[in-house]
Amino acid sequence: MKKKIAVGLSGSIDSSFAAYRLKKEGWDVAGFTLKFYPQDNRCCDLDGLYRAQRLCSALGIPHYTLDATEAFSASVVSDFLSSYLSGSTPNPCARCNKHIKFGFLFEKLISLGIEYLATGHYARLLRYRGDLYLAQAKDTKKTQEYFLSLISPKVLAHLVFPLADYTKEEVKKIVRERKLVCEERKESQDICFIAGSSYAKFIETHTSAAGSFQGPIVHVNGTVLGAHKGIYYFTYGQREGLGISWKEPLYVVALDEKTRTVFVGERHCLAKSVFTVSGLNWFGRAAEYLSANKSWQEHVEVKIRYNAPRYPCILDIGKDRVKVTLKEATNAVTPGQVAAFYYKNMLVGAGLIQKKP
């Protein structure tokens, strides 16, 4: 008997290939597309919806649209706004995966009697000592397990990643040969729900009393260098657009949401080797292994941005937070971003980087 599986379809090459591959493998496939707010969302816009419908028609599988407007606005957009206003830099994609694609959508599927969900993510699942963990896909340049690191461990047993053993180029080649999509869509690295405006302008449009977030720009030595029109215009490590002059290039090194102060300093001021991660999400018995086994600790690495390398580190695991000590300091530690922990090639847990060490 064929197993029922839903494929999250955005109209992209990757999700289209996922549906095609599963149908070919003999699954009972149905396509699901989420409608987000606003509808010009570049991740799942109207063009993507039409593409998904055409694909399902060509493959001979049903297609459904689910309205995730309310959930998306509450879980993703609201968090984006509050994070920037509090001086942190959020990761909306990771949050969307947790609350919407593998939260809202997954729960809807279960209520419909569909136990499996597939997506076009480049990621794979590995079983270790009976537990499931996320891991890198074959395409190490496109692998996306980092963005999935906050999803519930309970969902893993219900997931299928058809792109795990393919590179992006291999997927493109097959999609072109099978004519699964009319034309390729340009990939965007920007936040999907901000179309045609800057982050700051979007925040001002959706925030009352935006002027109350103005404050001073202060050098780490205490010198006041100027003023800014909103703390949400800045993020850690930022160099451009500071609107100040100094004898050396300056970077944003800290943001104080209480006093609305933007602290800046020379490049060496960015270096950090110790930071704290909270909002922890462990897979399997990783936390137990890490706490009890020195051999695990010796192979742990942390990734603090999608396009950043993995850094060797030591973890001091507490009940609700982890103290991370890097073996070498780095400049990329940004409060609000996801810190994903790896044991060898398995992603074993993650959380959000906090301001205070």
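The values are calculated or read from the model by the stated rules, or taken from the named source; none is laboratory data. Note that the coordinates shown come from a computational prediction; the quantities given were computed from them, not determined experimentally. Don't worry about glycine lacking a Cβ; one is built from the backbone with ideal geometry, like all the others, and counts go over all protein chains shown.
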Item to complete: Give the residue that is surrounded by the most Cβ atoms within 10 Å (Cβ to Cβ), with candidates limited to residues of the range 16-41 that are at pLDDT below 95 and of a type outside the set (A, V, I, L, M).
Response: 36
Worksheet item: Looking at 16, 83, 111, which is the one that is under 27 Å from residue 202 (Cα atoms), not charged (D, E, K, R) and not assigned by TED's automatic domain parsing to the domain that holds residue 230?
Response: 83
Item to complete: Output the residues belonging to the range 279-333 that are surrounded by 18 or more Cβ atoms within 10 Å (Cβ to Cβ) and of a type in the set (Phe, Trp, Tyr).
Response: 282, 283, 289, 311
Fill in: Boolean, residue 58 is assigned by TED's automatic domain parsing to the domain that holds residue 151, in contact (Cβ under 8 Å) with a residue 40 or more places away in the chain and surrounded by fewer than 23 Cβ atoms within 10 Å (Cβ to Cβ)
yes
Worksheet item: Hey, does the range 136-147 have a residue that's surrounded by fewer than 21 Cβ atoms within 10 Å (Cβ to Cβ), at pLDDT 95 or above and more than 24 Å from residue 307 (Cβ to Cβ)?
Response: no
Item to complete: Kindly establish whether residue 258 is charged (D, E, K, R) and surrounded by 13 or more Cβ atoms within 10 Å (Cβ to Cβ).
Response: no
Fill in: Filter result (hydroxyl-bearing (Ser, Thr, Tyr) and closer than 21 Å to residue 10 by Cα) within the range 123-180
143, 146, 149, 166, 167
Worksheet item: For residue 118, which of the numbered conditions (1) hydrophobic (A, V, I, L, M, F, W, C); (2) more than 16 Å from the chain's Cα centre (by Cα); (3) within 15 Å of residue 193 (Cα to Cα) fails to hold?
Response: (3)
Worksheet, complete the sentence: Screening 173, 229 for residues that are over 22 Å from the mean Cα position of the chain (by Cα), surrounded by fewer than 16 Cβ atoms within 10 Å (Cβ to Cβ), over 24 Å from residue 95 (Cβ atoms) and not assigned by TED's automatic domain parsing to the domain that holds residue 70 leaves only 229
Item to complete: May I ask you to list the residues in the range 197-221 that are crowded, with 17+ Cβ neighbours inside 10 Å and free of Cβ contacts under 8 Å to residues at least 12 places away in the same chain?
Response: 202
Worksheet entry | Index of the failed condition, residue 79 passing every other in (1) crowded, with 19+ Cβ neighbours inside 10 Å; (2) charged (D, E, K, R); (3) farther than 24 Å from residue 31 by Cβ | (1)
Worksheet item: For residues in the range 52-106 being within 30 Å of residue 215 (Cβ to Cβ) and aromatic (Phe, Trp, Tyr), which is farthest from the chain's Cα centre (by Cα)?
Response: 84
